[in-house]
């Protein structure tokens, strides 16, 4: 009853004696309908989703409302004073309804017949913004007043002001003072100067109409009004006022502050978070931390973009992308040109530019921002005219052989304010890097530039991997008793199919045949005929059963011998996940990109618990039973329950097979198709190139024990690259891996039990004779070591087949 009389007195003083009885009924009814104020204690501000790297670098922000909540004690007193002076000078004195303000507004209404601003207190604005509509009616005003009184009773003044500072709209999708500081000035509230604070304080009156971006003149007038009120109420002195009042408006729109360029990563994470938490993830203030390492992501970004630009330049200049008009007298309208240039796409590495003039030393060009730059002739010498990827014109002898005034071309910054001649690649590429122990995605690039194409080629593409797939065939053979010394005949094969008119005559890339070949040599040299005959001997069914353990879906694996040449369909992420099995000792890990998610109060709402490669199963794996499919299947599905947070990964292949395959793939770098990678001067790297039929796709996937990375280069609409994987994809992998492992000590895989090293005859794969001069060392699983010694003549060419596959024809 006491509350009722207090409300009654306020209403009586506001409206006069007339209509008192009716107002009593209205107040009683309205008061009963008002929401509970204690709901404000648990209010959930609409805060956008933010996505970070594992080391805390922002890579994405999603949500219609830009808001960064801030505690009242973190708001500068000067900004608080600016807002109080403008919106509610007596905030700390009234009890939610300012009777002086209401009286002043009422007198203005009687005198002028129009409504005046200023009657609403900050508390009333909080009531309106959190609970009520913005429609100006007497009923809403009454609700505001009554609810404001309730709010003042339940909450402290500082809490009410904090709610206001975080809720109020400041224009340009900015809600709250922290977001406004970022949007208009690209900083945080603690770094604002007096002029900027006054500008922000004046915006709540009409945030869309008088903000400094939409209407700088109106914003300046409003800022002056705020400064005058601050001076009037003693919040600033005359000297401060004079210094600021004439200063120009310096504000511009500042988009999301992104620390690291990783749009494909943030988009992949966003989709996963929406699936996990629903659409409310955009407004609930969730903070998601990915598994991505910011340093590795930056290295991957530069490696892919530089590698694709280099590929593009190797294949010549395709000509200007546009032509701007020059008057008959040779006059150039630079302002018009700059505006037209804004219509051409810009990327992180390449800018559109228009040629202003050409001389013997180079060209002068105009950028979209009106900046004039010099492009040296040295940076143009690559630009022989492209007639086709196999046919280029002669090397240019002068800048005029390349460009003319009005040409729209691309340039790239080369440091020290210098610019180089370039062009926008029409080729695409992807790179994905994983932690082999738990599948955490450490870096991912899905294309040359996200702004040009949102398609993520690292995860969404489905391309043939070519020889990059062969290691999985060889691993399946080792799992079924073959060895690195088994001999397969590299000789011509002709396959005929009654349903196909032409016979299949697979070839090696060299168009040569090398006769009986050890498996180690067959893989390091990427011999196609060895792979096909090996798959034929093993049996496609057996091979598929093992290959699926690497994570490949059965529907993407053809049940034909072409599988040996990599005609499966896979993404770079699929391939990298498969190679992680070799790197981690034989375990199948699951790639993942979300590490943890917290809510707006920093409470943990999700944390990944990835399966992790360990040693528990390695010690339980019996190599004597590795030719027993049932024993293998049992181990593949077996997991340890010793650590529920990070369960042990399932085994895909034996630790012995993983160790031997790593050794063979290290040879592929030292002596095989990936010899270029020897320039990294590391002995712990292993990997394999891949090139598909007609050079449509170029691949390289490689690893050591701490990092596995897969690269792909190709065209979205398949056409020949006219380059092999060692030319197009391997250099990108090297740029990334060389920088990623710089300063990191070399690591060697731990040799598992059941591995032995013996000397063999390189021609036969048999045990070497005592004192044989050309003998080499080879590693074997203990149950598959050759049980014969090479004959003295050295001419024996037996094909070594495991007993489990007797009866299979090897031709």
Problem - Count - residues of the range 553-583 that are in contact with a helix residue (DSSP H, G or I) (Cβ under 7 Å, 6 or more places away or on another chain) and in a loop (DSSP other than H, G, I, E, B) - result: 5
Exercise for the section: Name every residue in the range 46-60 that is part of a loop (DSSP other than H, G, I, E, B) and surrounded by 22 or more Cβ atoms within 10 Å (Cβ to Cβ), in order of residue number. Expected result: 48, 53
Fill in the blank from the handout: The residue from 633, 667 that alone is part of a helix (DSSP H, G or I), at pLDDT 95 or above and surrounded by fewer than 24 Cβ atoms within 10 Å (Cβ to Cβ) is 667
Exercise for the section: Specify which of the listed residues (79, 155, 147, 132) is on the phi < 0 side of the Ramachandran plot and at pLDDT below 70. Expected result: 132
Completion exercise
Residue hits (the range 164-177; in a helix (DSSP H, G or I) and crowded, with 22+ Cβ neighbours inside 10 Å) are 164, 165, 166, 177
Practice task
Sort out for me the strands (runs of 3 or more DSSP E) sitting completely within the range 250-369 that have 3 or more residues that are in contact with a helix residue (DSSP H, G or I) (Cβ under 7 Å, 6 or more places away or on another chain) and exposed (fewer than 15 other Cβ atoms within 10 Å of the Cβ).
Solution key: none
Fill in the blank from the handout: Scanning the range 96-117 for residues that are surrounded by 15 or more Cβ atoms within 10 Å (Cβ to Cβ) and in a loop (DSSP other than H, G, I, E, B), the one modelled with the lowest pLDDT turns out to be 98
Problem - Residues satisfying the stated conditions in the range 62-75, i.e. surrounded by fewer than 17 Cβ atoms within 10 Å (Cβ to Cβ) and outside any helix (DSSP H, G or I) - result: 64, 65, 71
Fill in the blank from the handout: Condition set free of Cβ contacts under 8 Å to residues at least 24 places away in the same chain and outside any helix (DSSP H, G or I), scope the range 178-192, selection nearest to residue 74 (Cα to Cα): answer is 188
Practice task
Can you tell me which residue among 195, 218, 209 is under 41 Å from the mean Cα position of the chain (by Cα) and surrounded by 16 or more Cβ atoms within 10 Å (Cβ to Cβ)?
Solution key: 195
Fill in the blank from the handout: When (1) touching a helix residue (DSSP H, G or I) at 6+ places or on another chain (Cβ under 7 Å); (2) free of Cβ contacts under 8 Å to residues at least 12 places away in the same chain; (3) closer than 22 Å to residue 686 by Cα are applied to residue 586, the one that fails is (2)
Completion exercise
Note on the range 403-424: residues buried (at least 24 other Cβ atoms within 10 Å of the Cβ) and in contact with a helix residue (DSSP H, G or I) (Cβ under 6 Å, 6 or more places away or on another chain) are 421
Exercise for the section: Evaluate the range 398-405: report whether one residue or more is over 34 Å from the mean Cα position of the chain (by Cα), free of Cβ contacts under 8 Å to residues at least 40 places away in the same chain and more than 16 Å from residue 317 (Cα to Cα). Expected result: no
Practice task
Could you please let me know if residue 210 is closer than 24 Å to residue 89 by Cβ and either outside any helix (DSSP H, G or I) or at pLDDT 95 or above (or both)?
Solution key: yes
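The values are calculated or read from the model by the stated rules, or taken from the named source; none is laboratory data. These figures come from a predicted structure and were not determined experimentally. Cβ: placed from backbone, ideal geometry, glycine included. Neighbour counts: every protein chain shown.
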